[in-house]
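Asker: Here it is, the structure, as structure tokens.
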Amino acid sequence: MFDTQRSGLLDVYDSQANFSYCCNTSIPARARMENLHNTMPNQRKLNWEYWLNNPGGGSRNLSRRQVDLDKIVRNLHIGANNIVTAQAALPETRHDVQGTMNKFVVDAFPVPHRDSSALLLTLHGEFMERMLSGLISLIPHSYLTRISIVRSQGIRSFDRSFILLPAPEGSRCALTSWLTLFLF
């Protein structure tokens, strides 16, 4: 659903759920050792600018020294509407979930949540950025307000963590047949 209809995820996020992302723009060690960045088509064309500074918020890499506290706060999206809006601003993607299963790894274990338990799920995988080109606005009211972007169809990887809870009875999540609610 993330690849085709991100707005459809609105009902699965709790009102206090939060979402942010950070980009590691370096070539992964395995890819470098296997020379994948030179042998796979489009890997040398990867453009990080839109991921780092897109209109929906951009990367929130807290390990990098940042002086813009407003950007750090602005790039933490809280609540279903803000999360889905931020995700909709990300480049279009294609996750090959029907392909070979070695492209995804899942870890899950229970964690305490208030008076009960939740499930912490960590997912690692890869996706292809869909081809798209055009002129986009990046940073409103800045000297760099529009850039030409060509999405590369390159392969990227991700790590995502979710805290899953049973959908509360009568919630929008339960009414739309989702059995779990995303808290984080």
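The values are calculated or read from the model by the stated rules, or taken from the named source; none is laboratory data. Remember, it's a predicted structure, so these values are computed and weren't measured experimentally. Heads up, the Cβs are rebuilt from the backbone with ideal geometry, glycines too, and the neighbour counts pull from every protein chain shown.
Asker: Please work out which residue is nearest to TYR13 (Cα to Cα), limiting yourself to region 153-181 and to residues that are charged (D, E, K, R) and in contact (Cβ under 8 Å) with a residue 40 or more places away in the chain.
Answerer: Our first condition is that a residue be charged (D, E, K, R); within region 153-181, this holds for 156, 159-160, 169, 172.
Subsequent filtering for residues that are in contact (Cβ under 8 Å) with a residue 40 or more places away in the chain retains 156, 172.
Numbers: ARG156: 25, ARG172: 10 Å.
By that ranking, first place goes to ARG172.
Asker: Let me confirm something: among SER26, SER20, which residue is surrounded by 13 or more Cβ atoms within 10 Å (Cβ to Cβ), out of contact with any Phe, Trp or Tyr (no Cβ under 6 Å at 6 or more places or on another chain) and of a type in the set (Gly, Ala, Ser)?
Answerer: Values: SER26 fails: surrounded by 13 or more Cβ atoms within 10 Å (Cβ to Cβ).
Only one candidate qualifies: SER20.
Asker: Quick one: in region 156-184, of everything that is under 16 Å from the mean Cα position of the chain (by Cα) and either farther than 24 Å from ASN75 by Cα or assigned to a loop (DSSP other than H, G, I, E, B) (or both), which residue is modelled with the lowest pLDDT?
Answerer: Of region 156-184, the ones under 16 Å from the mean Cα position of the chain (by Cα) are 156-163, 182-184.
Keeping just the survivors that are either farther than 24 Å from ASN75 by Cα or assigned to a loop (DSSP other than H, G, I, E, B) (or both) gives 183-184.
Values: LEU183: 65, PHE184: 52.
Only one residue tops the list, namely PHE184.
Asker: How many residues, within region 22-61, are free of Cβ contacts under 8 Å to residues at least 60 places away in the same chain, in a loop (DSSP other than H, G, I, E, B) and touching a Leu at 6+ places or on another chain (Cβ under 9 Å)?
Answerer: Total meeting the criteria: 10.
Asker: While we're here: Can ARG64 be described as among the charged types (D, E, K, R) and in a loop (DSSP other than H, G, I, E, B)? Can you show your working first?
Answerer: Working: among the charged types (D, E, K, R): yes; in a loop (DSSP other than H, G, I, E, B): yes.
Considered against the rule, which asks whether it is among the charged types (D, E, K, R) and in a loop (DSSP other than H, G, I, E, B), ARG64 comes out as yes.
Asker: Ok, one more. Looking at region 92-119, which of its residues are in a strand (DSSP E or B), among the charged types (D, E, K, R) and within 27 Å of PRO166 (Cα to Cα)?
Answerer: In the first step, residues of region 92-119 are kept if they are in a strand (DSSP E or B); the result is 93-94, 104-113, 116-119.
Adding the requirement that they be among the charged types (D, E, K, R) leaves 94, 107.
If the condition is that a residue be in a strand (DSSP E or B), among the charged types (D, E, K, R) and within 27 Å of PRO166 (Cα to Cα), then ASP107 is the only one that fits.
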